[in-house]
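Peer 1: Sharing a structure here in structure tokens format.
None of the figures in this text is laboratory data; all of them are computed from the coordinates on show. Not measured: the values here are computed from a predicted model. Note: ideal-geometry Cβ built from the backbone for every residue, glycine included; neighbour counts use all protein chains shown.
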Amino acid sequence: MEERRIATPGTPPDAELELGRLGEFVGFRLRRIQNQLSREFAQVTGRYQLRQGLFSALAIISANPGLSQVMLAREVGLDKSMAVMMVDDLERRGWAERRRSTVDRRRHALYTTEAGEAWLAEMFAALEVVEHDVLDALGKDDLRVLNAILDRVYTACFRG
């Protein structure tokens, strides 16, 4: 595998650091990107004082009306108790609601509210600003390939 170099924030490109063995691991590369984009997203949305993952959870609920808390927890990568706390926060903010499932009365189905949908529209606009340069650098074809690769990586995480 080719050795890649990274530039640290505030340093010129010729002052790059070696990744060393970390350069061989997908998790490090993904985390490095995620950290940077999350930091920028937090700056843009700071006035909301968001718990990490709140936006993602609400977006998943919006895309899957009636989703169970168990499925939400799995999709956003949280244990069930943390997902319950996240849904509690979404309800407290008036962005989502729990309803008894019509299929299984022991479970709750999750739905966004009108206020939640309005907030999501604002957050997606913020996310477009944060990721503009990345998306522009990739282009539509590269983005499609990258998303397919990332989906394969995600699926592989659940093997075994």
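Peer 1: Mind counting the residues in the stretch 51-87 that are in contact with an Asp or Glu (Cβ under 7 Å, 6 or more places away or on another chain) and of a type in the set (Lys, Arg)?
Peer 2: Here the count works out to 1.
Peer 1: Kindly state which helices (runs of 4 or more DSSP H) lie completely within the stretch 41-160 and contain at least 1 residues that are of a type in the set (Ser, Thr, Tyr).
Peer 2: Passing ranges, in order: 54-63, 80-92, 114-156.
Peer 1: For the stretch 117-137, check the following and say yes or no: at least one residue is surrounded by fewer than 16 Cβ atoms within 10 Å (Cβ to Cβ) and either among the aromatic types (Phe, Trp, Tyr) or touching a Ser or Thr at 6+ places or on another chain (Cβ under 7 Å) (or both).
Peer 2: Within the stretch 117-137 (the criterion being surrounded by fewer than 16 Cβ atoms within 10 Å (Cβ to Cβ) and either among the aromatic types (Phe, Trp, Tyr) or touching a Ser or Thr at 6+ places or on another chain (Cβ under 7 Å) (or both)), the answer is yes, since at least one residue qualifies.
Peer 1: Sticking with this structure for a sec: Here's a check for you: in the stretch 36-71, which residue that is among the β-branched types (Val, Ile, Thr) and out of contact with any Leu (no Cβ under 8 Å at 6 or more places or on another chain) is surrounded by the most Cβ atoms within 10 Å (Cβ to Cβ)?
Peer 2: Looking at the filtered set, the residue picked out is Thr45.
Peer 1: Could you grab the pairs with beta carbons closer than 7 Å, sequence gap of 6+ or different chains, first residue in the stretch 119-146 and under 30 Å from Glu91 (Cβ atoms), second one of a type in the set (A, V, I, L, M)?
Peer 2: If the second residue must be of a type in the set (A, V, I, L, M), the pairs left are Leu120/Leu58; Leu120/Ala59; Ala126/Val44; Val129/Val44; Val130/Leu37; Val130/Val44; Glu131/Leu37.
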